[in-house]
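What follows is a single structure, written as structure tokens, with notes after it.
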Amino acid sequence: MIRMKTNIDREIIKFIQGDIPVESHPFASLADRLNLSEEEIVEHIKDLQDEGVIRRFAAILRHYNAGFNVNAMVAWKVAVEDADRVGKIMAGFDEVSHCYLRDVPEEFGYNLFSMIHARSDEQIIALLRQLASRTGLSNYIIIKSVRELRKVSMEYV
Amino acid sequence: MNNLDRRDRQLLNLMQNEFPLTTQPYLDIARQLDISEEEVLNRIQAMKQNGIIRRTGAILDSKKMGFYSTLCACRVQEEQIDKVAAIINAQKGVTHNYVRDHYYNIWFTLTAPSHDEAMKIIRDMQQAAPIKVLTMPAIKTYKIKVSLDMGDKDED
């Protein structure tokens, strides 16, 4: 479970859960502090990635500023036994960034969530039409964001 | 709105999808794009300053880290939104929080070291604010990959 076996893991995770420095040797300061070589730091990071603790190592953009100014959370009603089929189809679309089956209260009822990023309302509508026809689902709601109240990365350590 | 040229867009695509895990990642990126490392660093700095790049680093798997996470929703009176948002956002495990166009108008994500701790945080929120929080934890994940296709041509 928790991959915090050593203090080194902890320190590395603490360093890479945030924003690494934009400089020629971004891991040098960390290596120095931990008395390791930069190569060893990189190997550690790769190990964490192989174990799945790190899902991805990448640049994360502010999608609004990058021109993807429409994002929609779409919640679909799906039979649980049909969810895998639908989830796989949705995952195949580049515009779908997240797709989950959720355990939802009955009063809400829409249990399959997909997050969609696009450059216009028209794109969203066209994409939803495609998703609906490819999956055969017709019961969904679009839950658009009106205002961002908070968006940060999780600090685990 | 943004003045990204073709190189910037190639750089963003590369950094989102195949960031090199090496001791000098920016030099490796520079070689791939056939520009200098200095130019890569300058372009990245500029795109951080104008708010396009949020950060560069690891996206961790909360479950593998031993954490519990859930999507939450609640209904708040329009005029109370900011007050309630401040109460919700005071929790460090709340990483995303949006006002949304739905009967449940506040939607946030909560990540906590355990299920019990998450439930305690929600109980505390419900005591501090007049809200009933619905929790919607993921049972299955079909996709998590935010990668925005920036294109690499001069025109879209």
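Suppose each label sits 7 Å from its Cα in the direction of the beta carbon; what would the B:Arg123-A:Val146 distance come out to in nanometres? Here the modelled spin labels are 3.2 nm apart.
Shape of segment B:6-49 from its Cα gyration tensor (a ≥ b ≥ c, root eigenvalues): rounded if a/c is under 1.5, otherwise prolate when a/b > b/c, or oblate? Since a/c stays below 1.5, the shape of segment B:6-49 is classed as rounded.
Going by Cα centres, segment B:26-47 and segment A:20-81 are how many Å apart? Centre-to-centre (Cα) distance: 19 Å. Ranking B:Tyr26, B:Asn42, B:Ala86 by how far each Cα lies toward the positive end of the dipole of chain B (charges on Cβ) leaves B:Ala86 at the top. Taking only the C-alpha atoms of the protein assembly as shown, Rg followed by Dmax gives 20.3, 58 Å. Near B:Tyr142, the amide H atoms lying under 5 Å from its own belong to A:Cys99, A:Tyr100, A:Leu101; only residues 5 or more places off or on other chains count, and H is placed 1.01 Å from N. Going from the fewest other Cβ atoms within 10 Å to the most, the residues A:Leu36, A:Leu61 appear in the order A:Leu36, A:Leu61.
Compactness of chain B was expressed as the Cα radius of gyration divided by 2.2 N^0.38 Å, which yields 1.34. The B:Ser114 and A:Ile125 beta-carbon pair, evaluated with R₀ = 51 Å, returns a calculated FRET efficiency of approximately 0.80. Each of B:Met119, A:Met90 was scored by other Cβ atoms within 10 Å of its Cβ. Listed from fewest to most, they are B:Met119, A:Met90. Computed 3J(HN,Hα) for segment B:138-149, one whole-Hz value per residue from the Karplus formula 6.51 cos²θ - 1.76 cosθ + 1.60 where θ = phi - 60°, is 6, 9, 9, 10, 9, 6, 9, 7, 8, 9, 8, 6, glycine and proline marked x. Our coupling estimate for segment B:123-135, obtained by passing each phi through the Karplus curve with A = 6.51, B = -1.76, C = 1.60 and θ = phi - 60°, is 4, 4, 4, 5, 7, 7, 9, x, 10, 10, 9, 8, 10 Hz, Gly and Pro reported as x. For chain B, adding -39500 (n - 2.57) for each run of n ≥ 4 DSSP H residues and dividing by the number of residues yields -11000 deg cm²/dmol at 222 nm. Through the Karplus equation 6.51 cos²θ - 1.76 cosθ + 1.60, θ set to phi - 60°, convert the phi angles of segment A:36-50 into ³J(HN,Hα) values in whole Hz; use x for Gly and Pro. Residue by residue, segment A:36-50 yields 10, 8, 4, 4, 5, 4, 4, 4, 4, 4, 5, 4, 4, 6, 4 Hz.
Applying the criteria of a DSSP loop state and at most 13 other Cβ atoms within 10 Å to the trypsin sites (Lys or Arg not before Pro) of segment A:1-67 yields A:Lys5. Rounded to the nearest 500, the 222 nm mean residue ellipticity of chain A from helices alone is -10500 deg cm²/dmol, with -39,500 (n - 2.57) taken per DSSP H run of at least 4 residues. Panel order for A:Trp76, B:Trp107, by other beta carbons found within 10 Å of each beta carbon, from fewest to most: B:Trp107, A:Trp76.
Across chain B, the relative contact order, built from alpha-carbon pairs under 8 Å that are at least six residues apart, equals 28 percent. This model, with +1 at the C-beta of Lys and Arg and -1 at the C-beta of Asp and Glu, gives segment A:70-144 a dipole about its Cα centre of some 200 debye. Across segment A:7-140, the mean sequence separation of Cα contacts (distance under 8 Å, 6 or more residues apart), normalised by length, yields a relative contact order of 22 percent. For A:Lys88, a cut-off of 28 angstrom between C-alpha atoms picks up these lysines, skipping any fewer than 8 places away in its own chain: A:Lys46, A:Lys77, A:Lys144, A:Lys151, B:Lys63, B:Lys64, B:Lys140, B:Lys143, B:Lys145. Using alpha-carbon positions, what is the distance between the centroids of segment A:108-157 and segment B:82-135, in Å? Using only Cα atoms, the two centres lie 20 Å from each other.
Put simply, the amide H of A:Val78, placed in the peptide plane, has neighbours under 5 Å in A:Asn111, A:Leu112, leaving out anything fewer than 5 places away on its chain.
Given R₀ = 35 Å, FRET efficiency for A:Ala28-A:Val80 by Cβ-Cβ distance, to 0.05?
That pair, A:Ala28 with A:Val80, gives E of 0.10.
Here, each number is a calculation from the coordinates, and none is a lab measurement. This is a predicted model, so every value here is computed, not measured. Cβ sites come from the backbone with ideal geometry, for glycine too, and all protein chains shown count toward neighbours.
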